[in-house]
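*Asks:* Pasting a structure below so you can have a look.
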Amino acid sequence: MSFFTVGEYYRETYQIESVESFFGGEWAVASSRGERFYLQYTPLAKPAPPRAIQQYLSLDQKEIVPYLQVYSEERSLVFIRPYIPFRERLHERAARGPVDEDQVFHWVKSLAPVEHVLKEKPLRMYTLLHPSNIGVTEEGELKVIACGVEGRTLPEPIYDWGNLMLMLLTGKVSEEPFQRVPADAGLSKPLGKAVHKSFNRHVGYVISQIDSYLKKRDSKGLLDQLFKKGEQDDSSTIRPKTVEDGGRTIEKSERHPTIPPTPPSSVLQQRLEQARQAKLKEEAERRAQEEAERRKAEHRAQEEAEHREAERRAQEEAERREAERRAQEEVERREAERRAQEEVERREAERRAQEEVERREAERRAQEEVERREAERRAQEEVERREAERRAQEEVERREAERRAQEEAERRKAERRSQEEAERRKAEHRAQEEAERREAERRAQEEVERQEAEHRAQEEAERREAERRSQEEAERRKAERRAQEEAERREAEHRAQEEAERREAEHRAQEEAERREAERRAQEEVELREAERRAQIEAERREAERRAQEEVELREAEHRAQEEAERREAEHRAQEEAELREAEQHTRPESISREKERVVAAAPVVNGLEAERREHDKLAGQLEEYVRHVFNRQG
């Protein structure tokens, strides 16, 4: 079944005018928007990678018909080529009869750069060296029609330079390649040998065989001409001379001036003179003829040079116009690609904006969850802190009550100091041991609470690390899913792009306006959400600062209340000390020394309370630093 059909459209753009079979594919002439194009259908042996298509588009060799566009079909490629009117193709020329060997050699040498260019490509390429694949333009230049990629396109490169020359020299075009020169080819032996050596050879070797053949052919003709001219000269100026040398007879040519013989008679002399005049006249005519031929050859050479110069200039002008046309088409193609790329980027930006909105929403929810858990943790810590402060306050009150009771006992014992001195010292000793025991219990309790707090902090850090890892795993899976969706989307866009390119030109202005409006709205939406997020972050930061400030003020108030209690306690002690001293003024001198011993014994208790207050201030400072660090990290 034919791929192209006359009268139908390919991709709704190119109307087919004519179709012919072409090396397993098809070669068609089509028109689009008032211009004509060549369309080439080429089957594939393997799928062609994108870089193979890019190689076709990058081919820039004047002997090859350019590739404007490449479309991928099912197990095939369709090439869009510029229309170049051919005077004829080489198989049509060969059908009229054998081509002159000089013309064939000239064509082979002019096509040599094509093989060099194709073999140097990253994916090696080839051309079909068949007369049907080569056209002759109106200017007499050769153009290669089809090129292939080795291992990818069909047919395989089964024709070589030997086949091309043999078909042109014999005028017999065959679809099957020749393996050797046929016996009935009608070629001379040296020419047949040169063609035979060109089978399955690269172009450099083939050209060397051509040059070798031409050198032998031209040198042989030159020797024949010189030998013929030398015989003519010898007939008038050289005569043989026989010399005997050792019994051998050797003939030598010896040039002598013409010696006028002795005229036997006037008739003989007249005949000799007429013969000499006739000979001189013939010689003069021959020289005049040679001069005329030389001048005619020079004139022809001059005309040929001028003709070649005119052809070169016309070729340069044609190449310049072709280059300008290609440059214009390249600009238009790049403009279309740029617009398509902008459309793809716009869609990608919209998708990324949507994903960014979803990501920010997820981050906001995660942030709210973290803040809620942080608030619960802070509330729990606040409850525990207040409970610890309450216990510490109760402990202080209990110790204060014990101290007052002890002082009361001491005051009463002071009245009965003579009989209860031993019991007082024993009670003081027990009270001090009790105070030390309770201080040790309090420190142990504080150490247990500190370890418990560290354990909770460690658990919280591990929980957050686990949440972070799970979130990273979810983000990685989401990224993989997005990559998969992106690959599928790009494949779908690639399939739809060819159809969209045709319709894109009609709706470009409207879509551009809608795109800009959508981008503006999306930008405004993004800016609005960004402003809301920043406002929310600022509000959270201020709330955190306010809470931290309240916490600091609360601790400062507690610290001041504690200092006020200590100050009142000190005043009370001073008052009791004054009363005690007033009572001691009426007692014995030894009671003074005993009272001093009691004060010295009570000093560790006072020092213990002072150390406890300092430890409390240190813990409060550490808690305040931890709260500030947490809020700074959230901000």
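*Asks:* I need the trypsin sites (Lys or Arg not before Pro) found in region 514-567, filtered to DSSP loop residues with at most 16 other beta carbons within 10 Å of theirs.
*Replies:* Of the trypsin sites (Lys or Arg not before Pro), not one in the loops of region 514-567 has a Cβ with at most 16 other Cβ atoms within 10 Å.
*Asks:* Right, another one. Restricting to DSSP loop positions (anything but H, G, I, E, B) with no more than 16 other Cβ atoms inside 10 Å of their own Cβ, which chymotrypsin sites (Phe, Trp or Tyr not before Pro) remain in region 40-96?
*Replies:* Numbers: sites: Y41, Y56, Y67, Y71, F79, Y83, F86; in loops: Y67, Y83.
Passing sites in region 40-96 are Y83.
*Asks:* I would also like to ask the following. Once all Cα-Cα distances of the chain are split into 10 Å bins that start at 0, what whole-number percent is in each one?
*Replies:* 2, 9, 12, 10, 8, 8, 7, 7, 6, 6, 5, 5, 4, 4, 2, 2, 1, 1, 0, 0, 0
*Asks:* FRET efficiency for A492 and I158, Cβ-Cβ distance as r, R0 = 45 Å, nearest 0.05?
*Replies:* The value I calculate is 0.70.
*Asks:* Viscosity 1.306 mPa s, temperature 10 °C: what is the translational diffusion coefficient of region 1-114 from Stokes-Einstein with a Kirkwood Rh over Cα pairs, rounded to a whole number of µm²/s?
*Replies:* Estimated via Stokes-Einstein, D reaches 99 µm²/s.
*Asks:* Write out the trypsin sites (Lys or Arg not before Pro) in region 379-440 meeting two conditions: DSSP loop, and at most 15 other Cβ atoms within 10 Å of their Cβ. Numbers along the way, then the final one.
*Replies:* Values: sites: R385, R386, R390, R391, R398, R399, R403, R404, R411, R412, K413, R416, R417, R424, R425, K426, R430, R437, R438; in loops: R416.
When the trypsin sites (Lys or Arg not before Pro) of region 379-440 are filtered for loop state and at most 15 Cβ neighbours within 10 Å, R416 remain.
*Asks:* If you average the sequence gap of Cα pairs under 8 Å that are 6 or more apart and divide by the length of the chain, what percent do you get for the contact order? Write out the running numbers ahead of the final one.
*Replies:* Details: 421 pairs, mean separation 39.3, N = 635.
Relative contact order for the chain comes out at 6 percent.
*Asks:* Any chance you could look up the accessible area of K279 with a 1.4 Å probe, heavy atoms only, rounded to 10 Å²?
*Replies:* 110 Å²
*Asks:* Would you mind counting up the charge near E309? Only other residues with Cβ under 11 Å from its Cβ, with Lys and Arg at +1 and Asp and Glu at -1.
*Replies:* On the way: positive: R308, R312, R313; negative: E303, E304, E306, E311, E316.
So the surrounding residues net to -2.
*Asks:* Give the aspartates and glutamates whose C-alpha is closer than 18 Å to that of K413, dropping any in the same chain fewer than 8 places away, or say none.
*Replies:* Candidates past the 8-residue exclusion: E402, E421, E423, E428, E576, E577, E579, E582, E584, E590, E595, E597.
*Asks:* At 1.4 Å probe size, what's the solvent-accessible area of H91? Round to the nearest 10 Å².
*Replies:* 50 Å²
*Asks:* Give, in nm to one decimal, the length gained when the segment between R521 and E309 is fully stretched (0.36 nm per residue of separation minus the Cα-Cα distance).
*Replies:* So the chain would gain 69.9 nm between R521 and E309.
*Asks:* Would you mind pulling out the separation of the Cα centroids of region 163-220 and region 1-60, in Å?
*Replies:* If we compute the Cα centre of each part, the gap is 34 Å.
*Asks:* Something else: Would you kindly calculate the mean projected area, averaged across all directions, of the convex hull enclosing the Cα atoms of region 144-192, in square nanometres? Walk me through the intermediate numbers first.
*Replies:* Working: hull surface 16.9 nm².
For region 144-192, averaging the hull's shadow over all directions gives 4.2 nm².
*Asks:* What is the percent carbon and sulfur in the accessible area of region 74-127, measuring with a 1.4 Å probe over the protein chains and ignoring ligands? Walk me through the intermediate numbers first.
*Replies:* Working: 1300 of 2640 Å².
Taking all protein chains in place, region 74-127 shows 49 percent carbon and sulfur surface.
*Asks:* Here is a further query. Which whole-angstrom value gives the distance between the alpha carbon centres of region 467-505 and region 382-426?
*Replies:* Each part reduced to its Cα centre gives a spacing of 77 Å.
*Asks:* Over region 33-98, consider all pairs of different Cα atoms and compute the Kirkwood hydrodynamic radius from their mean reciprocal separation; express it in Å, one decimal.
*Replies:* Working: mean 1/r = 0.0720 Å⁻¹.
After inverting the pairwise mean of 1/r, the radius is 13.9 Å.
*Asks:* Something else: Just by accessible area at a 1.4 angstrom probe, what is the order of R346, R33 from largest to smallest? Mind dumping the intermediate values first?
*Replies:* Details: R346 35, R33 225 Å².
The most accessible residue leads, giving R33, R346.
*Asks:* At 222 nm, what helix-only mean residue ellipticity would the chain give, in deg cm²/dmol to the nearest 500, using -39500 (n - 2.57) for each DSSP H run of four or more? If you can, show how the numbers build up before the last one.
*Replies:* Working: 9 runs with 451 residues, N = 635.
Computed mean residue ellipticity for the chain: -26500 deg cm²/dmol.
*Asks:* With a 1.4 Å probe and all protein chains kept in place, how much accessible area does R573 have, in Å² rounded to the nearest 10?
*Replies:* Approximately 70 Å² for this residue.
*Asks:* On C-alpha positions alone, give me the angle between the axis of helix 589-634 and the longest principal axis of the chain, in degrees, nearest 10.
*Replies:* Taking the Cα atoms of the chain, the angle to 589-634 is about 30 degrees.
*Asks:* Tell me, what does the Kirkwood hydrodynamic radius of region 107-203 come to in angstroms if you use every pair of distinct C-alpha atoms? Show your work: numbers first, answer last.
*Replies:* On the way: mean 1/r = 0.0700 Å⁻¹.
Hydrodynamic radius (Kirkwood, Cα pairs) of region 107-203 is 14.3 Å.
*Asks:* Arrange the residues S266, S132 by how much accessible surface each exposes, largest first, with a 1.4 angstrom probe.
*Replies:* Details: S266 90, S132 20 Å².
Largest accessible area first, the residues go S266, S132.
*Asks:* Which order do L609, L166 take by accessible area at a 1.4 Å probe, largest first?
*Replies:* On the way: L609 60, L166 0 Å².
The most accessible residue leads, giving L609, L166.
*Asks:* Which parts of region 500-539 would a label at E371 reach, counting a residue when its backbone N lies under 19 Å from a point 7 Å out along Cα-to-Cβ?
*Replies:* Counting only backbone N, you get 528-539.
*Asks:* Let me ask something else. Taking 0.36 nm per residue of separation and subtracting the Cα-Cα distance, what length does fully extending E452 through R352 add?
*Replies:* On the way: separation 100, 0.36 × 100 = 36.00 nm, distance 4.60 nm.
Gain on stretching E452 to R352: 31.4 nm.
*Asks:* Once you have the Cα-Cα distance between A301 and A401, take 0.36 nm times their residue separation minus that, and quote the gain in nm to one decimal. Can you show the working numbers first?
*Replies:* Values: separation 100, 0.36 × 100 = 36.00 nm, distance 13.70 nm.
Extra length available between A301 and A401 comes to 22.3 nm.
*Asks:* I've got another one for you. Which whole-number value in Å² is the accessible area per residue of the chain, probe 1.4 Å? Each step should come with its number before you reach the end.
*Replies:* On the way: 43560 Å² over 635 residues.
That works out to 69 Å² per residue.
*Asks:* Here's something else I'd like to know. With r defined as the distance between the Cβ atoms of S188 and S31 and R0 fixed at 45 Å, what FRET efficiency is calculated, to the nearest 0.05?
*Replies:* Computed FRET efficiency for S188 and S31 comes out at 0.40.
*Asks:* Which FRET efficiency value, to the nearest 0.05, do you get for K109 and E504 by plugging their Cβ-Cβ distance into 1/(1 + (r/R0)^6) with R0 = 41 Å?
*Replies:* Details: r = 46 Å, r/R0 = 1.13.
Taking R0 as 41 Å, the efficiency between K109 and E504 is 0.30.
The values are calculated or read from the model by the stated rules, or taken from the named source; none is laboratory data. Bear in mind that the values here come from a model prediction, so they are computed numbers and not experimental data. Note that we place each Cβ from the backbone using ideal geometry, even for glycine, and neighbour counts take in every protein chain shown. Quick note on the areas: whole protein, heavy atoms, side chains included, nothing else; ligands and nucleic acids left out. Shrake-Rupley method; radii C 1.70, N 1.55, O 1.52, S 1.80 Å.
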